[in-house]
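Notes follow once the structure below has been shown.
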Amino acid sequence: MDWAASFSILMQTSVLRYIMLGAVFSIAIAAAAVLCSILLGSVLALVRNYCNGKTRPFKWIATAYIELFRNTPLLLWIFVCLVVCPCPEFLSRQMLGLSSVEVRILFRAFVALVLFTSSVIAEIIRGGLNSIAKGQFEAAHSQGFGTVQTMVYIILPQAYRAVVPTLLSQVITTIKDSSYLANVAVIELMSRVRRVLATSNVYNGVGTQLISDVFVLFGLAFLIYFAINFTLSCIVRSMQNRKPRQAARRQVRPATEP
C-alpha cells in the first residue's frame with residue numbers, strides 16, 4: 001500500500017470538489033425527502049388517528065400504508081420504484097449535470113425514499129398527536145374553531161414541537177439512508193466516492209489501483225457522514241436537554257414571583 005499516493009488523490013482539487021458536491025447533494029436530497037415526508041406523514045398520522053365512523057376506510061388505508069412501508073426495506077422500494085414508478089415528462093431532459101436517464105432514475109429513487117420515510121415520520125407525528133390532551137379539542141370547539149382550524153392552528157403546532165428532536169433524529173437516519181441511492185443514482189456522496197475509486201489509478205500517480213485508495217476514499221466518506229450526523233446529533237441532544245430546563249423554569253417561576 002502506498003499511502004502517500006492514495007492521499008494525493010485528495011489533493012486533486014477537481015476530485016475533492018466532485019466528492020464534496022456529492023455530500024451537498026446527499027444533504028439536499030435528504031432534506032427534500034424529509035420535507036415531503038413530513039407533509040405526507042402528517043396527513044397519514046391525522047387520518048390514522050382521527051378518521052372514524054364513515055371515514056374509517058381511510059384509516060385502514062393509512063394504517064396499511066404505514067405498516068407496509070415501515071416494516072420493509074428501503075432498498076426493496078428503490079428497486080420497485082425503478083420499475084413501476086411513472087416519471088413526469090419535464091424530467092426527461094438533462095439536469096444537474098445528469099443525463100435524462102439518470103434524472104429519471106434519481107426521481108424514482110427519491111420517490112421511494114419519500115414513501116419509506118413518510119411512513120416512519122407518520123408514526124413520529126402520531127406520537128405527538130397522542131400527547132395532546134383531549135381538552136384541547138373541546139376548548140377549540142368552544143371558541144368556534146372548526147375541525148380543520150383546530151388541527152392546523154392548535155393541535156399540529158403542539159404535536160410538531162413535541163417531536164422536533166425525534167424528527168431531527170429521523171433526518172440523521174434519512175441522510176444515512178440516502179447512501180442506498182448509490183445503487184442506482186450517480187449524484188450523491190457514496191456513488192461519487194465509488195466512481196472516483198473506480199478511476200483512482202488516474203489520480204494516484206502510480207497507474208494502478210491501490211488497496212490504500214479504498215481506505216482513503218471510503219475513510220473520507222466516513223468522515224463526511226460522521227461530521228454531518230454528529231453535528232445534528234449534538235443539536236438533538238441540546239434540544240432534548242433544553243426541554244427539562246424550560247419545564248423546570250415554568251414550575252419554579254410561579255413560586256418565586258411575589
Self-check item: Condition broken by V80, with the remaining ones in (1) at pLDDT below 80; (2) surrounded by fewer than 17 Cβ atoms within 10 Å (Cβ to Cβ) satisfied
Solution: (1)
Quiz prompt | Residue ID - nearest to V15 (Cα to Cα), chosen from residues in the stretch 201-215 that are in a helix (DSSP H, G or I) and modelled with pLDDT under 85 | solution = Y203
Exercise. Just give me the residues in the stretch 173-189 being touching a residue at least 60 places away in the same chain (Cβ under 8 Å), open to solvent by 20 Å² or more (accessible area, probe 1.4 Å) and under 22 Å from F230 (Cα atoms), in sequence order.
Key: D177, S179, Y180
Quiz item: If you take the residues of the stretch 158-172 that are of a type in the set (A, V, I, L, M) and in contact with a Gly (Cβ under 7 Å, 6 or more places away or on another chain), which of them is most open to solvent (accessible area, probe 1.4 Å)?
Solution: A162
Exercise. Return yes or no: is F110 assigned to a loop (DSSP other than H, G, I, E, B), out of contact with any Asp or Glu (no Cβ under 6 Å at 6 or more places or on another chain), on the phi < 0 side of the Ramachandran plot and surrounded by 16 or more Cβ atoms within 10 Å (Cβ to Cβ)?
Key: no
Practice problem: Could you check F58 against (1) at pLDDT 85 or above; (2) under 16 Å from the mean Cα position of the chain (by Cα) and say which number it fails? | Solution: (2)
Self-check item: Selection from the stretch 125-138 of residues that are open to solvent by less than 30 Å² (accessible area, probe 1.4 Å) and part of a helix (DSSP H, G or I)
Solution: I125, G128, L129
Quiz prompt | Selection within the stretch 66-75 - closer than 26 Å to V47 by Cα, open to solvent by 50 Å² or more (accessible area, probe 1.4 Å) and of a type outside the set (K, R) | solution = E67, L68, N71, P73
Quiz item: Among the residues of the stretch 46-104, which ones are basic (K, R) and either on the phi > 0 side of the Ramachandran plot or without any contact (Cβ under 8 Å) to a residue 60 or more places away in the chain (or both)?
Solution: K54, R56, K59, R70, R93, R104
Quiz prompt | Of residues in the stretch 186-200 being in a helix (DSSP H, G or I) and polar (S, T, N, Q), the one nearest to the chain's Cα centre (by Cα) | solution = S191
Quiz item: Are any of the residues in the stretch 91-107 farther than 30 Å from T208 by Cβ, part of a loop (DSSP other than H, G, I, E, B) and either open to solvent by less than 30 Å² (accessible area, probe 1.4 Å) or small (G, A, S) (or both)?
Solution: yes
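The values are calculated or read from the model by the stated rules, or taken from the named source; none is laboratory data. Just so it is clear, the model here is predicted, and its values are computed rather than measured. Heads up, the Cβs are rebuilt from the backbone with ideal geometry, glycines too, and the neighbour counts pull from every protein chain shown. To get the accessible areas, we keep the full protein, side chains included, count just its heavy atoms, and leave off ligands, DNA and RNA. Shrake-Rupley method; radii C 1.70, N 1.55, O 1.52, S 1.80 Å.
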